[in-house]
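Asker: To start, I am sharing the structure in question, which I have written as structure tokens.
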Amino acid sequence: MNIAILSYHRIGGSGIVAYEIGRAMAEERGHNVHFIGLEPPFRLKDRYNDKIQFHKVWLKEYPVFDFQPYAMALASQLSEIIIRENIDIIHSHYALPHAVSALLAKDISGRDVKCVTTLHGTDITVVGAHPTMMNITKYAIEKSDAVTAVSNSLIRDSESRLGIEKGKIKCIYNFVNTEFFNSGLNTDIAKEMDKRIIMHVSNLRPVKSPGDVIRIFHKLEEEMQDQLELWIVGEGPLQYEMISLTEELKIREKVRFIGICSNLGGLIASSDLMILPSREESFGLVALEAMACGVPVLASRVGGLPEVIEDGVSGFLFGHGNVDEAAEKGLRILKGKNYYDGIVKEGLKTANEKFSMKKIVTQYEELYLSC
Ligand code: GMT
């Protein structure tokens, strides 16, 4: 098959999943894959394959436009690619704008190309559910030939918030590439540390409740006196509020802000606990990446996270905003060696079995073939 993949190819769960699906379709299953976007997927830069091409979307600067119309430029250039490359499937990650551009490109090209759309979360819960964008999001879902969501929770949200008919959206979970995330990656970083590392990875936006990371760490630190350090990986708008909070709680010197890091697997594998206290999370790919690295996860009981983590078995869940419950569970993990090992073992099993890359990529390939 000739497959076009539309995604935001920056660092972030949806871009990673989109890239890994395309890479596996080309490298492991012999399909021709065309990534289309403003920038190539960042993992592609280090990896050549003659079955993979990247097509840059060019934007025409014009002073009358308040904003460059990316969705239209994409639709126009994609309609040409459909014909030139004989595209069979367009796989859009995010309803907006990608699925809309894909439908428009199909119409312009006049070809019977199939449109597959994957919903990742904020495209529904934040953007799509907003009255200004609801009708076009619903249109993109209803007109796509097949629609998937990364968790059952996201399917329920899409059905209830947008009034989508039951059965239209199918759940295909996210997965993790264990080449980049595994317990063997544990690096020199950890060996040089005399403290245990508590980690948080996100884009530090309000939906991630990053202030709770600091509050939970503060409580863990109070109990474990100088044994812990908090590492924050990623960057985003709430970073300065987080820094102020560390100063207020007098723990500034125990918290490192690492920023964006390309060796994420190595960093995660060097840590002892991952905290993910989000207000909303359709799946929580970083939780799965931590489990694949043999690191226990302490996450809020929201969205798709209970589908990824079994509370008390493969990780721990707490009520969103309940810092006391989170700290109590965090201490249970950090203080009990046998307990810790049991959670790690179950987390690894979940990452390698329930969310195995091979199994999930097969589900996408079967979906493409069934369209
Ligand atoms: O979490 C974000 O803000 C980024 C966003 C993205 O585009 O990667 O994440 C969403 O998609 C990921 C991949 O499917 C999911 O693992 C995240 O849970 C989801 N984020 C939210 O629902 C808030």
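Asker: Output the strands (runs of 3 or more DSSP E) that fall wholly within the stretch 248-350 and possess 3 or more residues being hydrophobic (A, V, I, L, M, F, W, C) and open to solvent by less than 40 Å² (accessible area, probe 1.4 Å), or say none.
Answerer: 273-276, 297-300, 316-318
Asker: Can you find a residue that is surrounded by 13 or more Cβ atoms within 10 Å (Cβ to Cβ), of a type in the set (A, V, I, L, M) and more than 26 Å from the chain's Cα centre (by Cα) anywhere in the stretch 65-77?
Answerer: no
Asker: Also: Does Ile36 satisfy the condition of being at pLDDT 95 or above, β-branched (Val, Ile, Thr), more than 16 Å from the ligand (Cβ to nearest atom) and buried (at least 21 other Cβ atoms within 10 Å of the Cβ)?
Answerer: On the way: at pLDDT 95 or above: yes; β-branched (Val, Ile, Thr): yes; more than 16 Å from the ligand (Cβ to nearest atom): yes; buried (at least 21 other Cβ atoms within 10 Å of the Cβ): yes.
Against the criterion (at pLDDT 95 or above, β-branched (Val, Ile, Thr), more than 16 Å from the ligand (Cβ to nearest atom) and buried (at least 21 other Cβ atoms within 10 Å of the Cβ)), Ile36 qualifies.
Asker: Any chance you could count how many residues in the stretch 65-75 are touching a Ser or Thr at 6+ places or on another chain (Cβ under 7 Å) and either within 16 Å of the ligand (Cβ to nearest atom) or without any contact (Cβ under 8 Å) to a residue 60 or more places away in the chain (or both)?
Answerer: Residues flagged as touching a Ser or Thr at 6+ places or on another chain (Cβ under 7 Å) and either within 16 Å of the ligand (Cβ to nearest atom) or without any contact (Cβ under 8 Å) to a residue 60 or more places away in the chain (or both) within the stretch 65-75 amount to 2.
Asker: Sticking with this structure for a sec: Glu241 is checked against (1) closer than 21 Å to Ala290 by Cα; (2) touching a Pro at 6+ places or on another chain (Cβ under 9 Å) and fails just one. What number does that condition carry?
Answerer: Tallying (1) closer than 21 Å to Ala290 by Cα; (2) touching a Pro at 6+ places or on another chain (Cβ under 9 Å), Glu241 fails exactly one: (1).
Asker: While we're looking at this one, here's another question. Only one of these conditions is not met by Ala146: (1) over 23 Å from the mean Cα position of the chain (by Cα); (2) at pLDDT 95 or above. Which number is it?
Answerer: It fails just one condition, (1).
Asker: Which of the residues belonging to the stretch 84-138 are open to solvent by less than 30 Å² (accessible area, probe 1.4 Å) and of a type in the set (Gly, Ala, Ser)?
Answerer: Residues satisfying the conditions are Ser92, Ala95, Ala99, Ser101, Ala102, Ala105, Ser109, Gly121, Gly128, Ala129.
Asker: Keeping to the stretch 145-161, report how many residues are surrounded by fewer than 21 Cβ atoms within 10 Å (Cβ to Cβ) and over 22 Å from Glu366 (Cβ atoms).
Answerer: Selection size over the stretch 145-161: 4.
Asker: If you don't mind, there's one more thing I want to ask. Being open to solvent by 60 Å² or more (accessible area, probe 1.4 Å) and touching a strand residue (DSSP E or B) at 6+ places or on another chain (Cβ under 8 Å) is the filter; apply it to the stretch 162-179 and report the residue that is farthest from Lys349 (Cα to Cα).
Answerer: Lys168
Asker: Which one of Thr118, Thr122 is within 16 Å of the chain's Cα centre (by Cα), at pLDDT 95 or above and assigned by TED's automatic domain parsing to the domain that holds Gln363? Spell out the reasoning first.
Answerer: Values: Thr122 fails: at pLDDT 95 or above.
Only one candidate qualifies: Thr118.
Asker: Please verify whether the stretch 10-23 includes one or more residues that are within 11 Å of the ligand (Cβ to nearest atom) and free of Cβ contacts under 8 Å to residues at least 40 places away in the same chain.
Answerer: Yes, the conditions are met somewhere in the stretch 10-23.
Asker: Let me ask something additional. Could you go through the stretch 133-149 and let me know if any residue there is under 21 Å from Ala287 (Cα atoms) and within 13 Å of the ligand (Cβ to nearest atom).
Answerer: In the first step, residues of the stretch 133-149 are kept if they are under 21 Å from Ala287 (Cα atoms); the result is 148-149.
Add one more test, that the residue is within 13 Å of the ligand (Cβ to nearest atom), and what stays is 148-149.
Among the residues of the stretch 133-149, at least one is under 21 Å from Ala287 (Cα atoms) and within 13 Å of the ligand (Cβ to nearest atom), which makes the answer yes.
Asker: Got at least one residue in the stretch 266-283 being within 13 Å of the ligand (Cβ to nearest atom) and among the basic types (Lys, Arg)?
Answerer: From the stretch 266-283, those within 13 Å of the ligand (Cβ to nearest atom) are 276-283; that's our starting set.
Adding the requirement that they be among the basic types (Lys, Arg) leaves 279.
Yes; the residues of the stretch 266-283 include at least one that is within 13 Å of the ligand (Cβ to nearest atom) and among the basic types (Lys, Arg).
Asker: Continuing with this model, one more query. For Leu44, work out the one condition from (1) at pLDDT below 95; (2) open to solvent by less than 60 Å² (accessible area, probe 1.4 Å); (3) within 13 Å of the ligand (Cβ to nearest atom) it doesn't fulfil.
Answerer: (3)
Asker: Next question. Return yes when Val233 is within 16 Å of the ligand (Cβ to nearest atom) and modelled with pLDDT of 95 or more and no when it is not.
Answerer: Numbers: within 16 Å of the ligand (Cβ to nearest atom): yes; modelled with pLDDT of 95 or more: yes.
Taking the combined requirement at face value, the residue satisfies it.
The values are calculated or read from the model by the stated rules, or taken from the named source; none is laboratory data. Model, not experiment: these values are computed from the prediction. All Cβ positions, glycine included, derive from the backbone under ideal geometry; neighbour counts span all protein chains shown. Only protein heavy atoms, including side chains, enter the accessible area calculation; ligands, DNA and RNA are left aside. Shrake-Rupley method; radii C 1.70, N 1.55, O 1.52, S 1.80 Å.
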